[in-house]
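To keep things clear, I will list the structure first and then write my remarks on it.
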Amino acid sequence: MNDLTPDRDERVANLKGMGCSRKRVEDVRFTQGKGNYVDDVKLPGMLHSDFVRSPYAHARIKSINIDAAMALDGVVAVLTAKDLEPLGLHWMPTLAGDKQMVLADGKVLFQGQEVAFVVAKDRYIAADAVELVEVEYEELPVIVDPFKSLESDVVLREDLDPTADGAHGPRKHHNHIFTWEVGDEKATNEVLDEAEVVAEDMFYYHRTHPCPLETCGSVASMDKVNGKLTLWGTFQAPHVVRTVASLLSGIEEHNIRVISPDIGGGFGNKVGVYPGYVCSIVASIVTGKPVKWIEDRMENLMSTAFARDYWMKGKISATKEGKITSVHCHVTADHGAFDACADPTKFPAGFMNICTGSYDIPVAYLGVDGVYTNKAPGGVSYRCSFRVTEAVYFIERMIEVLAIELNMDPAELRRINFIKKEQFPYKAALGWEYDSGDYHTAWDKALKAVDYDGLRAEQAQRVEDFKAGKTRKLMGIGLSFFTEIVGAGPVKNCDILGMGMFDSCEIRIHPTGSAIARLGTISQGQGHATTFAQILASEIGISADSITIEEGDTDTAPYGLGTYGSRSTPVAGAATAMAGRKIRAKAQMIAAYLLEVHDDDVEFDVDRFVVKGAPERFKTMKEIAYAAYNQAIPGVEPGLEAVSYYDPPNMTYPFGAYVCVMDIDVDTGVPDIRRFYALDDCGTRINPMVIEGQVHGGLTEALAVALGQEIAYDDMGNVKTGTLMDFFLPTAWETPNYETDYTVTPSPHHPIGAKGVGESPHVGGVPCFSNAVNDAFKAFGLRHTQMPHDHWRIWKTANGLGLHD
Amino acid sequence: MIPAKFEYYRPTDLAGVISILEEHGDDARVVAGGHSLIPMMKLRMADVPHLIDIQDVEGLSGISVSDGTVTIGAMTTQAELIDSADLTAAAPILREAALQIADPQVRYMGTIGGNVANGDPGNDMPGLMQCLDASFTLFGPDGERKVPARDFYEAAYMTEREDEEILTAISFAVPNGGYAYEKQKRKIGDYATAAAAVQLVMEGGNCTFASIAMTNLSDTPIWSEAAADALTGTSLDGAAVDAAVEAMLGDIDPTEDNRGPIEFKRHAAATILRRAIARAASRA
Amino acid sequence: MTDKMHVKLNVNGEDHEFLAEPRELLIYALREKLNLTGPHVGCETTHCGACTVTLDGKSVKSCTVFVAQANGAEITTIEGIGNPDNLHVLQEAFREHHGLQCGFCTPGMITRATKLLEENPNPTEEDVRFGMAGNICRCTGYQNIVKSVLAAASELNGAKEAAQ
């Protein structure tokens, strides 16, 4: 040691490892406009494309005439189902075990469905040619209501044998997709029948859309000379896309390179495979030229990946004292025209069976019936793990309704039913094993932070003032306590199209002591290049600033299942730590050799290995890295590289406690968010700055969904919310400031104890905003009002309660 | 979203504009800021074979206040309205309304002429112009004529303007008394769920003058003379305001859309008008 | 129909001349003809602001301007606001305060913010929220964007004071 040697704290700080708010490395590029998104990809000779889409929600196609379009100067090709059929590509499998038309085959089943694919020299000619494709339709009866669909004689999916089982077992009706059941219905009903108190209601979680700012798109480039296909696209799961592309096209997988460049937000919208991707590939194969497909915003909202649309009928029972004794939930799930939900194969309703929430409920039952209607396919997890937002909304509304039934404070009702700290790992009635939690601590911290009792007193006064005619504003206190289930998942029960849901990291340490790590995930704004380097820095003692993180190129990155369902940190983050530990194990051998001691006599210390008991004798990781390449070490291979494919033993279960204070103008229905407090427990915190940013963003998407964002249809199946005029994305003006807080309950099974956080605020936020609206009217007799709580619906609620009389 | 092809013209004087309009009739459209027209063209909901860009036409911009009259050139942008100290001193309701239109970028491009001439019932300025009893100057093959804002609107996108005419300016007498432009909308960038423009003069506790116009509650803006009459000569007591609201409700005819059903819009219109009257009175 | 016309633009201080159909949208001309891919296409109906550029001194959504209308204009895009060796204060501030995530809205945000601060060097939080309301961000919830703009304002004011 000498004076120039930094002390230990300084060495830790220099690493910029886990726990520090490291500034993001991505930002230098993004703030200068130097991101590289799919629409920025420009290749020599590249052609542009556009879809002819159905104006009708249900119609038979009598004929398609492409002659006029083909005659337009600059049009290169117009593809229809007939052109794709010989290749077997007019239909494609969905992630949910169904199949979906790539281009309309005989009929159309939703407004905006892809009918023909025009390829032209530029986007202007392509758009003009779309107008020239003549399609003759014969309109068919339209069904937009899933309950009516199950009673209708109209067969939506004529391609399916009505008597044959679907991908998830028997179908009850020609418009029925599956029934999925978890738990013990008989035992649950027995408890409900005998219960002292039962509350029930129907909760509709409306259809909405993830709507990232960048729409979906792809650029396919078939190099016929070398037989290689390169596909750039907005893919949250590039490796799975490569496998699917290979299976569909017959091109061997090694001849396909899939690249997810920078992605302008995903939120679940970019998990699935869309007709545009397939058509761009086919068009490139047909024309021998690169073909770009970029959807416009209206197409994005009308055709790709809706979320939610769950009708959840619930019953909950409790003792008079408020101890919950059972929950019964039946969901009618509107899947649209094709079952294109992006869930692990064995879970047709995702992880909806987390719907017992954060509560110790002895017996429960969940049944889900999937139904076809004339709406767009999808059913993706919009900023949540698979159907977890629906589940948490269900239980957090259910518990509020129960509190009304019991005449009990909803915060107290939650408290007496929380799973206790000592019960973890906790086996829930619907099958999941919660890894860790300390709900009471989090809840008490949250209620104290907002002065919950003071808020209730203020609210009571407000109700008095309202009744006395002194104010026309009511005050709502929204509570939510959520448990997420993320990090899918154990390969034994989670797969996507047969691919186990592991993830991966491959690390190379360079001779001069810097490194590159590649992962099977892909950032869409989460900041992986920053945070994964922090995990690695702490594990291998090389500064995060000297580590490059790369994702999204299937030719270079190890296979992984991608980024959605908050799985990157729980799964790929774990793989990163595990691969780092392999590096460290080898480094230990090299260090011991260099220090001429036994392997067991050196130990890792921040950025070096030191001889136990003699810290002045050490080798830094930089020295070790160099030695790995320039020394012949007996029994040790040259180089310093490692790879880990991590199969998590369990999911992780982040949780949180949120409180929203809202003032509602009874006469206009306009809500004003006065305060929002969010406490998140995501286990070990890798980068507090990034966590806070994720929470702000997730809460804002929750605000949007709860207060107005929906994909609405009229009875004819026309989309009423096709532009950002009507599809609600809040601006800075409608968005409040949020207060963030945290507790730390590490995951016991994750290598670094991290649980994932990106989606928690959305999952917990939606019921919190919704509960605030409901709570404002509770004193006037309201039990439940459906989302989205836009102005007119809030007004209607007030009106129904006689508040305008 | 790609518009169809069009022939593009950029004349430098009004004669140039008129000759193109005369040649092509309703196949030609004038584009000012373009922020209503261009999205419609991109959605291919507006078919415009001949597009006349009037940005180089002299004499269409600017705000003047003289002899008790405000004159605003058609090409004056919302941002310029907001920034004009003279205008704000003379008719502060314009700034208040303009700030509630769209968003900053759109206000840099959107012009008052485009806003009033387009005939979109969602636009805010037409109602405000009716409230102020403005007159629109139209220039055509036969020269200039003036049409009162209150007579200009026939139906959605249908106005008194002939195909061969261009709206060049608006003018109105400097208003007296208190004012308010009250607007309920779902978010920045949205049209009004309901909006009310109110000008009031109070003398000795009595309302001696009132003018009230409503936006996006019919297929045209609604200047409600009956509502104003209900206020005139009163102290703006509860009964008078109730009567004004009742009268206004008799004049509007909202339709259901994503902003809500008719009964909600009528209730919102009533609430917004009450607030506008109260705010205008507080400034009168 | 007019086929192609000569278009002259001065973009980020450089003169450009090219042929274009009048109906071509300014955003595509910038992105595809001039390879300035910083401004993005988000909504195409003037709601999101991802395509924001400064055109003759005004913040403008370039998805709603025909290239013909812009003929002869001076334009600044994000590429003209700072460079790797000399980042603009706003670019630094957005990084420092985590004012971006996926980065897709960021060029439009920063371009708009430069104009906002030029017109109002001492904005309140409310001014920033109102002045940035033409730009949608789906990731950040705006809180850190507002923080970034306010921080940049005080940084710029500090620099101004120091210079005086």
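The values are calculated or read from the model by the stated rules, or taken from the named source; none is laboratory data. Worth saying up front: this structure is predicted, and the values here are computed from it rather than measured. Methodologically, a virtual Cβ is constructed for each residue, glycine included, from the backbone with ideal geometry; neighbour enumeration extends over all protein chains shown.
Some values worked out for this structure:
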read-out: Complete set of residues in segment C:130-164 that are within 14 Å of chain B (Cβ to nearest Cβ), in a helix (DSSP H, G or I) and either touching a residue at least 40 places away in the same chain (Cβ under 8 Å) or surrounded by 23 or more Cβ atoms within 10 Å (Cβ to Cβ) (or both); value: C:G131, C:V149
read-out: B:I38 vs. criteria touching a helix residue (DSSP H, G or I) at 6+ places or on another chain (Cβ under 6 Å), closer than 18 Å to C:A68 by Cα and of a type in the set (V, I, T); value: yes
read-out: Scan of segment A:251-279 for residues that are of a type in the set (S, T, Y) and either surrounded by fewer than 23 Cβ atoms within 10 Å (Cβ to Cβ) or out of contact with any Pro (no Cβ under 9 Å at 6 or more places or on another chain) (or both), ordered by number; value: A:Y274, A:Y277
read-out: Looking only at segment C:102-128, and only at residues there that are surrounded by 22 or more Cβ atoms within 10 Å (Cβ to Cβ), facing chain A (nearest Cβ under 9 Å) and of a type outside the set (A, V, I, L, M), the one that is nearest to A:G266 (Cα to Cα); value: C:C102
read-out: Of all residues making up segment A:127-155, the number that are within 34 Å of the chain's Cα centre (by Cα) and within 14 Å of chain B (Cβ to nearest Cβ); value: 2
read-out: Inter-residue pairs, beta-carbon under 8 Å, first in a loop (DSSP other than H, G, I, E, B) and in segment A:787-801, second among the β-branched types (V, I, T) and crowded, with 24+ Cβ neighbours inside 10 Å, 6+ apart; value: A:M787/A:V705; A:M787/A:V766; A:P788/A:T208; A:P788/A:V705; A:H789/A:V773
read-out: Any hit, segment B:58-78, residues being in a helix (DSSP H, G or I) and either modelled with pLDDT of 95 or more or in contact with a Cys (Cβ under 8 Å, 6 or more places away or on another chain) (or both); value: yes
read-out: Scan of segment B:170-225 for residues that are of a type in the set (V, I, T), touching a residue at least 60 places away in the same chain (Cβ under 8 Å) and in a strand (DSSP E or B), ordered by number; value: B:I170, B:V198, B:V201, B:I212, B:T215, B:I222
read-out: Those strands (runs of 3 or more DSSP E) lying entirely in segment A:535-633 with at least 2 residues over 28 Å from A:G265 (Cβ atoms) and not aliphatic (A, V, I, L, M); value: A:602-605, A:608-611, A:614-620
read-out: Some residue of segment B:35-57 being of a type outside the set (A, V, I, L, M), part of a helix (DSSP H, G or I) and away from chain C (no Cβ under 11 Å); value: no
read-out: Residue list for segment A:171-211, filter: in a loop (DSSP other than H, G, I, E, B) and closer than 20 Å to A:G379 by Cβ; value: A:R171, A:K172, A:H173, A:H174, A:N175, A:H209, A:P210, A:C211
read-out: Listing of helices (runs of 4 or more DSSP H) fully contained in segment A:1-81 that carry 3 or more residues being within 14 Å of another protein chain (Cβ to nearest Cβ); value: A:27-31
read-out: Qualifying positions in segment B:240-270 - at the interface with chain A (Cβ under 10 Å from one of its Cβ atoms) and farther than 12 Å from B:M214 by Cα; value: B:E256, B:D257, B:N258, B:R259, B:G260, B:P261, B:E263, B:F264, B:H267
read-out: Residues of segment A:410-439 that turn out to be buried (at least 16 other Cβ atoms within 10 Å of the Cβ) and of a type outside the set (A, V, I, L, M), as a count; value: 14
read-out: Check on A:V368, part of a strand (DSSP E or B), among the hydrophobic types (A, V, I, L, M, F, W, C) and closer than 27 Å to A:E190 by Cβ; value: yes
read-out: Long-range neighbours under 9 Å by Cβ, at least six apart or interchain, first residue free of Cβ contacts under 8 Å to residues at least 24 places away in the same chain within segment A:438-465, second exposed (fewer than 13 other Cβ atoms within 10 Å of the Cβ); value: A:E464/A:K470
read-out: Within segment A:651-763, strands (runs of 3 or more DSSP E) holding 3 or more residues that are out of contact with any Lys or Arg (no Cβ under 7 Å at 6 or more places or on another chain) and either within 12 Å of another protein chain (Cβ to nearest Cβ) or surrounded by 24 or more Cβ atoms within 10 Å (Cβ to Cβ) (or both); value: A:655-665, A:670-681
read-out: Cross-chain or 6+ apart pairs with Cβ under 8 Å, segment C:8-28 first and in the same structural domain as C:T54 (by TED's automatic domain parsing) and more than 16 Å from C:Q69 (Cβ to Cβ), then modelled with pLDDT of 95 or more and of a type in the set (S, T, Y); value: C:N12/C:T76; C:N12/C:T77
read-out: Meets criteria (among the charged types (D, E, K, R), closer than 30 Å to C:I78 by Cα and either without any contact (Cβ under 8 Å) to a residue 60 or more places away in the chain or within 14 Å of chain C (Cβ to nearest Cβ) (or both)) for A:D105; value: no
